[in-house]
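Data first, discussion second: the structure below is written as structure tokens.
The values are calculated or read from the model by the stated rules, or taken from the named source; none is laboratory data. Note that the coordinates shown come from a computational prediction; the quantities given were computed from them, not determined experimentally. So basically every Cβ, Gly included, is an ideal-geometry build from the backbone, and we count neighbours across all protein chains shown. SASA here: full protein model, heavy atoms, side chains in, ligands and nucleic acids out. Shrake-Rupley method; radii C 1.70, N 1.55, O 1.52, S 1.80 Å.
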Amino acid sequence: MKLSQLATAVALVVAGSTAMAGEVEVLHWWTSGGEAKSVGELKKIMQSKGHTWKDFAVAGGGGDNAMTVLKSRVVAGNPPAAAQIKGPAIQEWASEGVLANLDTTAKAEKWDSLLPPVVAEGMKYKGNYVAAPVNVHRVNWMWANNAVLQKSGVTGVPKTWDEFFAAADKVKKMGFIPVAHGGQNWQDFTTFEDVVLGVGGAKFYQDALIKLDQKALTSPTMAKSLETYRKIKSYTDPASPGRDWNLATAMVIQEKAAFQFMGDWAKGEFTAAGKVPGKDYTCAATPGTANAYTFNVDSFAMFKLKDATAQKAQADLAAAIMGTDFQEVFNLNKGSIPVRLNMDMAKFDDCAKLSSKDFVATSKAGTLLPSIAHGMAVKPAAEGAIKDAVSQFWNDDKISVADGVKSIAKAAATQ
Ligand code: GAL
């Protein structure tokens, strides 16, 4: 081939690919160090396919701010191509008729056989895929700084709440902060669900926080959960109100605090800081919950678009999300595990390997549970109401346990 012919051939290829290259606007709330690194990997993949990535990041852990912004964009008739939407909220958005049908991509990429059935179901509305799942986060994790534990004379990670409070007392005595807490309502709620599971067990969690059964919600076990929950607060520092979750993680990373209760996106922060599990820090199930698993599956729902090149970019985004390359590199950075089945876990650390093993084991045992604090268990309206009631209880020591129980049960009746 002559040089001029080669140049023409190259020009044709480039023209061919740019003809189908489009812009993809992606709304997400991944703005912490570990999160931004993770979502950056998706951007790279899309750019390598010739598409333009328009980042629509709305800061705020847990995504409440992002959801408010999303609503106003959709109401204005200008939705992004994709938005981080998960759990029952996917069904609500789909019932509005605004989500795109991803079946062509899902069939071509064999999603039905690559996903755990319970996850695949959640991504579909009336049998059609409308969202693509990214990962599986485990929520019931406790993160501990090994040096702080050692300096405080704590041997072994506490497995029960009694052991936990004994360890926390030792840590306090040595002048460290026992619990790094971010005082935002979704973080208060995250700790709450850990405590309910640890105190009441999987069946109780299911009755109280998934079925929203009034008998369970008003039971002595719920009162006991609230007592334990309140006791944890006495081990947090006075500067916790309003604190972002990643700043709480940083307190554990920097040897200021011993423990944090947080899903394994916290591990993304340890990883970004170059810390190694086992050596610098420990991941363990929150007290009393080693045989259960609260899951949080992140996913992107796709909105209906008119422009053909934008549709192509959107389909490529959906395919990329479920691709093995992205599933590996994203989850290595994010702290989660791949949602795609049969992935090679060789590059993952011990926390991810334990999460992967426990995901399978708890699924068999019937103790794999959707996280209510992370939009997996109940509809957004009830979730929001319970979250507020829980947070009020956390923040106001004058609210008695009996009144706390009552207001949480009342909030759970929200339709
Ligand atoms: C969760 C989300 C995680 C993580 C966390 C903190 O709701 O599922 O991926 O980013 O919020 O922002």
Inset, instruction - Kindly give Rg over Rh for the stretch 239-308, based on alpha-carbon atoms, with the Kirkwood expression for the hydrodynamic radius. - result: 1.13
Inset, instruction - Mind giving me the FRET efficiency for residue 107 and residue 344? R0 is 25 Å, r the Cβ-Cβ distance, nearest 0.05 is fine. - result: 0.55
Inset, instruction - Just tell me which aspartates and glutamates come within less than 15 Å, Cα to Cα, of residue 279; anything on the same chain fewer than 8 places away is out. - result: 255, 349, 350
Inset, instruction - Per DSSP H run of at least 4 residues, take -39500 (n - 2.57); add these up for the chain, divide by its residues and hand me the 222 nm value, nearest 500 deg cm²/dmol. - result: -15500 deg cm²/dmol
Legend entry - Degrees, to the nearest 10: 33-48 long Cα axis against longest axis of the chain: 10 degrees
Legend entry - Residue-count net charge about residue 390 - beta-carbon cut-off 10 Å; Lys, Arg +1, Asp, Glu -1: -2
Legend entry - Sites residue 234 and residue 126, calculated FRET efficiency, Cβ-Cβ separation with R0 51 Å, nearest 0.05: 0.55
Legend entry - Straight-distance crosslink candidates among lysines, where the alpha carbon sits under 19 Å from residue 334 and sequence neighbours closer than 8 are dropped: 37, 43, 44, 86, 267, 275, 347, 353, 357
Legend entry - Cα-based reach from residue 304 at 16 Å (exclusive), listing aspartates and glutamates while leaving out same-chain residues under 8 positions away: 23, 25, 92, 96, 103, 316
Inset, instruction - For the chain, report the convex hull volume of the alpha-carbon atoms normalised per residue, in Å³, without decimals. - result: 149 Å³
Legend entry - Degrees separating the helix 308-322 axis from the principal Cα axis of the chain, which is the longest one: 50 degrees
Inset, instruction - Could you tally the net charge around residue 162, taking each other residue with its Cβ under 15 Å from the Cβ of residue 162, Lys/Arg +1 and Asp/Glu -1? - result: +1
Inset, instruction - Taking only the C-alpha atoms, wrap a convex hull around the stretch 68-198 and report its volume per residue in Å³ as a whole number. - result: 166 Å³
Legend entry - Theoretical FRET efficiency, 1/(1+(r/R0)^6), r = Cβ-Cβ of residue 213 and residue 166, R0 30 Å, to 0.05: 0.35
Legend entry - 0 to 90° range, to nearest 10: angle between helix 350-365 axis and the chain longest Cα axis: 80 degrees
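Starting from 0.36 nm per residue, how many nanometres of slack lie between residue 31 and residue 307 once their C-alpha separation is accounted for? Display every interim value, and only then the final one.
On the way: separation 276, 0.36 × 276 = 99.36 nm, distance 2.88 nm.
Going from the current span to full extension adds 96.5 nm.
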Legend entry - Accessible area, probe 1.4 Å, largest first, for residues 95, 219: 95, 219
Legend entry - Other-chain or far-sequence residues with amide H under 5 Å of residue 25's (modelled H): 54, 81, 82
